[in-house]
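The values are calculated or read from the model by the stated rules, or taken from the named source; none is laboratory data. Since we're looking at a predicted model, the values are computed, not measured. Every residue, glycine as well, gets a Cβ built from its backbone with ideal geometry; the counts of neighbours run over all protein chains shown.
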Amino acid sequence: MHEMGIANSVIEAVRTEAARYPGSSPRKVGLRIGELAAVDPESLRFCFEALTKETDLESLELEIEIRPRRHRCRDCHTDFNVKDYDFTCPQCGKLNSECISGDELEMAYLEVEEHEPSPA
Ligand SMILES: [Zn+2]
């Protein structure tokens, strides 16, 4: 199950990132997953929970944002989301486009919580 490997990398990335904020703990991590990345969000969530359970990251929330496949028309340079494998340009109606995104798999953000907020 390759979601397990991904969950592992996410947790490592969170730990690396969190190390830059001493005295704080990671609260929520956002992932951006393109629909072409062939990742099953539910499996990923399951693996993530299994790996963080009974660790210091147990309370860490995971938020997954699915990014649609995007194409760019080579004729009129319009960017559009591809649905149901329809690659026709909505602007000029031509079928001459290239894939520009939709296979990303990245950490979008990490929210940390300070244990003892400094007095304002
Ligand atoms: Zn076009």
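Considering only the range 8-36, state which residues are in a helix (DSSP H, G or I), in contact with a helix residue (DSSP H, G or I) (Cβ under 8 Å, 6 or more places away or on another chain) and closer than 14 Å to Glu61 by Cα.
Val10, Ile11
Contact list please: Cβ distance under 8 Å, first residue in the range 1-23 and over 11 Å from Leu51 (Cβ atoms), second residue assigned to a helix (DSSP H, G or I), pairs at least six apart or on different chains.
Matching pairs, first to second residue: Met1/Ser43; Met1/Cys47.
Here is a list: Asn8, Asn81. Which entry is touching a Leu at 6+ places or on another chain (Cβ under 7 Å) and under 30 Å from Cys99 (Cα atoms)?
Selected residue: Asn8, the only one of Asn8, Asn81 that is touching a Leu at 6+ places or on another chain (Cβ under 7 Å) and under 30 Å from Cys99 (Cα atoms).
Considering only the range 106-120, how many residues are modelled with pLDDT under 90 and assigned to a strand (DSSP E or B)?
1
Table: residues versus (1) surrounded by 12 or more Cβ atoms within 10 Å (Cβ to Cβ); (2) of a type in the set (Asp, Glu); (3) in contact (Cβ under 8 Å) with a residue 12 or more places away in the chain.
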{"residue": "Val29", "(1), (2), (3)": "yes, no, yes"}
{"residue": "Gly34", "(1), (2), (3)": "yes, no, yes"}
{"residue": "Leu44", "(1), (2), (3)": "yes, no, yes"}
{"residue": "Lys53", "(1), (2), (3)": "no, no, no"}
{"residue": "Asp75", "(1), (2), (3)": "yes, yes, yes"}
{"residue": "Glu116", "(1), (2), (3)": "no, yes, yes"}
